[in-house]
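Input: a single structure, listed below in structure tokens.
The values are calculated or read from the model by the stated rules, or taken from the named source; none is laboratory data. Since this is a predicted model, take the numbers as computed values, not measurements. Cβ coordinates were reconstructed from backbone atoms using ideal geometry, including for glycine residues, and neighbour counts include every protein chain displayed. Ligands, DNA and RNA are stripped out before the accessible areas are found, and what is left, the full protein with its side chains, is counted by its heavy atoms. Shrake-Rupley method; radii C 1.70, N 1.55, O 1.52, S 1.80 Å.
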Amino acid sequence: MSDLPHPDLGDAWRAARPRPAGVHLDNAACSRQSTAVLEAVARHARHEAELGGYVAEAAAEGLLQQGRSVLGGLVGMAAADVAFTESAQDSLRTLLAGWRLPAGSTVALFPNEYWHTVTAFTAAGLTPVLLPADDLGRADIDGVERALRADPPALVHLTVVASHRGVVQPAREIAAVCRALGVPLVLDLAQALGQVDCDLPADVAYGTSRKWLAGPRGVGFLAMRPSVTAQMTPQTAPELYDHGGVGVDHARWYESREAHIAGRVGLVLAIGEHLAAGPHRVRERLAALGRATRERLDGCGGWAVVEPRDEPTAITTLRPPDGVDVRGTVQRLRVEHGIVVTAVGRERARSELSSPVLRVSPHLDATPADLDALGRGLAE
């Protein structure tokens, strides 16, 4: 294995954070926040105690608006298109509650969908239908075009990187097909933003703070083009957001009034750190870490890597040897070796998973020694 690119990113990431209690290889669940982000969140909470919550929020508005602008840029939209939410799941619920698509409308999905996504659509009275994909779950572009042309759905929902498999979907090609056929495209970027390029021509994009951007938990975002919000009904009276008759950006009508503002401040700081590191450099190092993980772990103790070796993500999933309990292995790795990874159950994506898998997701500070330690733990 060649040396990992951009070693300065690993050093800087490590130096910017509290020392971990073990080996953290679970960033697809929740990344470690930097000391600066932790302090920014605490500082805003102190301001709330000193000034009052709404006064402190107003004082932070300039910073938050900068965050909306940068988030918009990362997902191919404008600041006016971005709303802060409480999570990726909350973003989808907010979108569906406002859009109010006719009951029974079809929503086209892919086999890699997270169980909550499917549940959210069915709870909204919509009918999910699966689009064609290959054995890895990667979208079949020609098959998708034929399916959408034959029976156009109300929208297409695409998870760019799933939580149970580190495969990148051809989102740009799917977006081109949807645009040509006039079908709205909604992107779930929860596992994508921060590790793959998400500047994509979608109609809606949403995601979370706590994964690859390494922001606080309890914060997410929902980005919607005006063509979508024009079809939506705000859940809160827009005039509540109208300060001095100036009006408010269309997406802000969907921000909750009772929110973790300190967490939003922390997310903006984390995005700033991501930009300062250089998103393209971050993506290159994370892709190299994913490749190194697959090279080092495939076959260890009979565990088998699922993804192609050169898949450009840092997420690797491993199928267990016959008779090995994945959840028990994850517990043993944490207790005996201080290594944190995730057990992914079949319930997460029943259209793709026939049995549990183990997920490994290093961030910029991971080292080959960390991966080798995991390999030894798996081989026991």
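Observations, loosely collected:
- Build a GNM of the chain with springs between Cα atoms under 10 Å apart, and of 18, 184, 234 the one that fluctuates most is 18.
- Descending semi-axes in whole angstrom, ellipsoid equivalent of the range 82-241, from the Cα gyration tensor: 23, 20, 14
- Debye intensity ratio in log₁₀ form over the Cα atoms of the chain, taken at each q of 0.12, 0.13, 0.15 Å⁻¹: -0.93, -1.08, -1.37
- Local electrostatic count, residue 59, Cβ distance below 15 Å [Lys/Arg +1, Asp/Glu -1]: -1
- Within a Gaussian network of the chain (alpha carbon springs, distance under 10 Å), most fluctuating of 188, 142, 322: 322
- Part-to-part distance (alpha-carbon centres) for the range 109-134 and the range 157-183, which is given in Å: 13
- Helix-only [θ]222 nm of the chain, DSSP H runs n ≥ 4, -39500 (n - 2.57) each, per residue, nearest 500: -12500 deg cm²/dmol
- Per-residue ³J(HN,Hα) for the range 352-361, Karplus 6.51 cos²θ - 1.76 cosθ + 1.60, θ = phi - 60°, Hz, x for Gly and Pro: 10, 9, 9, 7, x, 10, 9, 10, 10, 9
- Under the membrane-span-like helix rule (DSSP H runs whose alpha carbons stretch at least 18 Å along the helix axis, mean Kyte-Doolittle hydropathy 1.0 or higher), the chain yields 261-277.
- Considering only the chain, percent of DSSP beta bridges that pair antiparallel, nearest 5: 55
- Whole-percent carbon and sulfur share, accessible surface of the chain, 1.4 Å: 52
- Counted charge near residue 348, where neighbours are those whose Cβ lies closer than 11 Å (Asp, Glu -1; Lys, Arg +1): +1
- Two-site FRET efficiency, residue 331 against residue 149, from Cβ-Cβ distance with R₀ of 51 Å, rounded to 0.05: 0.60
- Accessible area (Å², per residue) of the chain, counting only protein heavy atoms and a probe of 1.4 Å: 41
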